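The values are calculated or read from the model by the stated rules, or taken from the named source; none is laboratory data. Being a predicted model, the structure only gives us computed values, none of them experimental. Reconstructed Cβ throughout: ideal geometry from the backbone, glycine too, with neighbour counts over all protein chains shown.
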Amino acid sequence: MAKVVVQFTCSECGATAGRWLGRCPGCGAFGTLVEELHGADGRAASGAPRTPERLGDVQVSEAARLGTGVPELDRVLGGGLVPASLVLVGGEPGVGKSTLLLSALGAIARSGRSALLVTGEESVAQVRLRADRLGGADDVSILAETELESVCATLERDRPAVCVIDSVQTLYAGELGSAPGSVAQVREAASRLLRVAKTSGVATVLVGHVTKDGAVAGPRVLEHLVDCVLQFEGDRYHAHRVLRATKNRFGSTNELGVFEMTAAGLVGVPDPSALFGATRGGEVGAAVAVALEGTRPILLEIQALVSRTDLAMPRRVGTGVDPKRLAMIVAVLGRHGGVPLGSADVFVNVAGGVRIDEPGADLAVALAIASAARGAPLHDGVASFGEIGLTGRLRPAAQAERRLEECAKLGVTRAVVPEGTDARREGPRLVRAETVREALRAALAEAAGGREEGAREAALSA
């Protein structure tokens with residue numbers, strides 16, 4: 001009989017040590033080593049040798065993807081679920097993970113494929129109440145089980161087309177002495193489910209908890225094992241949710257899915273630009289950015305507030321934008337744009353709770369801040385995109401043609417873009433600018449000259 005070995009495993013990177021250490025030898029994190037019991041005698045199991053095959057002789061058969069019935073989810077997955085794949089979905093409590101996946105299982109079951117829901121956090125009666133509210137999930141099979149052996153045996157016997165496990169932190173293996181949700185249990189559950197998914201051809205979706213920082217809870221090896229990692233973002237107090245792919249072996253990791261929480265569950269938003277990019281004419285501190293998420297261009301309203309401060313260190317607060325990028329844009333505006341912000345607090349928000357990380361939104365952020373600082377709105381029907389350099393020069397953004405097509409679809413009449421941006425089709429009139437100062441002069445609805453100084457001083461002293 002194999003003896004029980006005591007090891008200490010890092011909850012961040014999965015590195016192991018024979019004794020407890022204050023600092024992980026693998027990733028350097030402090031206080032992350034936890035005690036685990038492993039039933040192994042230290043000897044590797046012997047197996048029969050196998051003959052490798054030549055890579056060029058491997059026959060590739062393109063497996064048909066399984067449509068989930070939720071277009072926004074299929075977009076982020078790259079066209080649907082791949083058979084025998086393992087997908088991890090993470091998100092904060094109450095963001096709508098279970099609701100979205102139950103809707104997808106209902107659509108899959110209605111299409112004639114078998115769908116199984118393994119619930120470890122709720123009873124079958126609780127899931128039935130949610131299904132009655134959503135509607136159309138009567139054909140979904142459900143199993144309330146937390147024992148890993150029983151779940152794997154059920155999958156191998158029934159072999160459903162799609163299985164959702166809610167959540168992976170509730171599963172436990174009896175031979176491990178640690179509690180459910182520990183590093184050893186989560187790693188063992190993911191490893192076994194991966195083997196079952198590959199051998200049985202079951203597309204498996206794991207629901208995972210997140211930490212206070214928003215990252216998927218458990219060891220990092222969990223994200224390495226799965227084929228796709230989806231992050232469900234959004235505030236429970238807002239109606240809109242955003243689904244992103246942080247890892248996808250079968251598609252792009254830049255796709256974005258937008259949902260709206262309604263009384264009937266999560267509903268996909270096919271045209272998020274009309275929702276997030278709507279602005280009112282003549283509004284000070286508002287600009288429209290043309291961002292690109294994967295293959296989808298999206299118009300977003302950037303809101304800015306500039307107010308005078310008595311603090312020694314003025315605040316630079318960004319919601320939905322990178323704070324470091326925001327600080328850089330503020331510095332460039334002060335040095336090269338003629339917008340002094342050294343004695344003012346700057347607040348920037350992306351309307352709708354969306355987060356943008358691409359540098360193509362730099363110009364819109366700068367225009368919104370300058371509009372708030374000078375007390376002057378932008379011209380009506382103006383959108384912008386472009387990257388700002390530290391020298392104040394604008395750099396063209398990628399896939400400008402797609403962005404301009406989205407602008408034309410939503411009635412944008414003028415687009416402020418960096419010099420060198422080409423347009424091959426009919427669309428908004430392009431106003432090309434080489435520097436930030438030229439872009440401000442072209443976009444802000446104010447007269448040049450002395451009135452500019454007076455408006456800026458009045459805005460900062462208000």
Residue check, P359 against (1) within 30 Å of F232 (Cβ to Cβ); (2) in contact with a Leu (Cβ under 7 Å, 6 or more places away or on another chain), all met but one. Which one?
(2)
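Being modelled with pLDDT of 90 or more and either under 16 Å from H209 (Cα atoms) or of a type in the set (A, V, I, L, M) (or both) is the requirement here; does T170 meet it?
Numbers: modelled with pLDDT of 90 or more: yes; either under 16 Å from H209 (Cα atoms) or of a type in the set (A, V, I, L, M) (or both): yes.
Spelling it out, T170 is indeed modelled with pLDDT of 90 or more and either under 16 Å from H209 (Cα atoms) or of a type in the set (A, V, I, L, M) (or both).
Given the criteria outside the structural domain of L100 (by TED's automatic domain parsing), part of a loop (DSSP other than H, G, I, E, B) and over 20 Å from the mean Cα position of the chain (by Cα), does L311 qualify? Full working, then the answer.
Numbers: outside the structural domain of L100 (by TED's automatic domain parsing): yes; part of a loop (DSSP other than H, G, I, E, B): yes; over 20 Å from the mean Cα position of the chain (by Cα): yes.
So L311 fits the description; yes.
Going through region 287-297 one residue at a time, which ones are touching a Leu at 6+ places or on another chain (Cβ under 7 Å) and assigned to a strand (DSSP E or B)?
If we filter region 287-297 for residues that are touching a Leu at 6+ places or on another chain (Cβ under 7 Å), which is where we start, we get 287-291, 293-294, 296.
Listed by number, the residues that qualify are A287, V288, A289, V290, A291, E293, R296.
Can you tell me how many residues within region 177-213 are in contact with a strand residue (DSSP E or B) (Cβ under 9 Å, 6 or more places away or on another chain) and closer than 22 Å to G96 by Cβ?
Of the residues in region 177-213, the ones in contact with a strand residue (DSSP E or B) (Cβ under 9 Å, 6 or more places away or on another chain) are 177-190, 193-194, 196-198, 202-210.
Going one step further and asking which of them are closer than 22 Å to G96 by Cβ, we end up with 181, 203-210.
So the count comes out to 9.
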Any chance region 277-297 includes a residue that's more than 25 Å from R441 (Cβ to Cβ) and either of a type in the set (A, V, I, L, M) or at pLDDT 95 or above (or both)?
yes
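Quick check, is A304 surrounded by 19 or more Cβ atoms within 10 Å (Cβ to Cβ) and either in contact with a strand residue (DSSP E or B) (Cβ under 8 Å, 6 or more places away or on another chain) or assigned to a strand (DSSP E or B) (or both)? Before the answer, list the steps.
Numbers: surrounded by 19 or more Cβ atoms within 10 Å (Cβ to Cβ): yes; either in contact with a strand residue (DSSP E or B) (Cβ under 8 Å, 6 or more places away or on another chain) or assigned to a strand (DSSP E or B) (or both): yes.
Considered against the rule, which asks whether it is surrounded by 19 or more Cβ atoms within 10 Å (Cβ to Cβ) and either in contact with a strand residue (DSSP E or B) (Cβ under 8 Å, 6 or more places away or on another chain) or assigned to a strand (DSSP E or B) (or both), A304 comes out as yes.
Just to check your reading of the model, which residue among D362, D380, D345 is within 21 Å of the chain's Cα centre (by Cα) and either surrounded by fewer than 22 Cβ atoms within 10 Å (Cβ to Cβ) or not in a loop (DSSP other than H, G, I, E, B) (or both)?
D362
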How many of the residues in region 414-428 are touching a strand residue (DSSP E or B) at 6+ places or on another chain (Cβ under 7 Å) and either of a type in the set (G, A, S) or at pLDDT below 90 (or both)?
4
Would you confirm whether any residue within region 184-204 is surrounded by 22 or more Cβ atoms within 10 Å (Cβ to Cβ), in a strand (DSSP E or B) and modelled with pLDDT of 90 or more?
yes
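Can you pull out every residue in region 340-376 that is among the β-branched types (V, I, T) and either at pLDDT below 95 or on the phi > 0 side of the Ramachandran plot (or both)?
Initial filter on region 340-376 (among the β-branched types (V, I, T)): 346, 348, 350, 354, 356, 365, 369.
Those that are among the β-branched types (V, I, T) and either at pLDDT below 95 or on the phi > 0 side of the Ramachandran plot (or both): V350, V354, I356.
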Any idea which residue in region 60-75 is nearest to A263 (Cα to Cα), counting only those that are part of a loop (DSSP other than H, G, I, E, B) and of a type in the set (D, E, K, R)?
R65
Selection count, region 331-356, where residues are in contact with a helix residue (DSSP H, G or I) (Cβ under 8 Å, 6 or more places away or on another chain) and more than 14 Å from G285 (Cα to Cα):
12
Can you find even one residue in region 157-167 that is modelled with pLDDT of 95 or more, closer than 24 Å to V82 by Cβ and hydroxyl-bearing (S, T, Y)?
no
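Quick one: which residue in L33, L55, L66, L21 is closer than 30 Å to S114 by Cα, out of contact with any Asp or Glu (no Cβ under 7 Å at 6 or more places or on another chain) and modelled with pLDDT of 70 or more? Even if it seems obvious, please write down each step before you answer.
On the way: L33 fails: closer than 30 Å to S114 by Cα; L55 fails: closer than 30 Å to S114 by Cα; L21 fails: closer than 30 Å to S114 by Cα.
After applying the criteria, what remains is L66.
Taking the conditions exactly as written (among the basic types (K, R), assigned to a helix (DSSP H, G or I), surrounded by fewer than 24 Cβ atoms within 10 Å (Cβ to Cβ) and within 29 Å of the chain's Cα centre (by Cα)), does R355 satisfy them or not? Write out each step before concluding.
Details: among the basic types (K, R): yes; assigned to a helix (DSSP H, G or I): no; surrounded by fewer than 24 Cβ atoms within 10 Å (Cβ to Cβ): yes; within 29 Å of the chain's Cα centre (by Cα): yes.
For R355, the condition - among the basic types (K, R), assigned to a helix (DSSP H, G or I), surrounded by fewer than 24 Cβ atoms within 10 Å (Cβ to Cβ) and within 29 Å of the chain's Cα centre (by Cα) - is not met.
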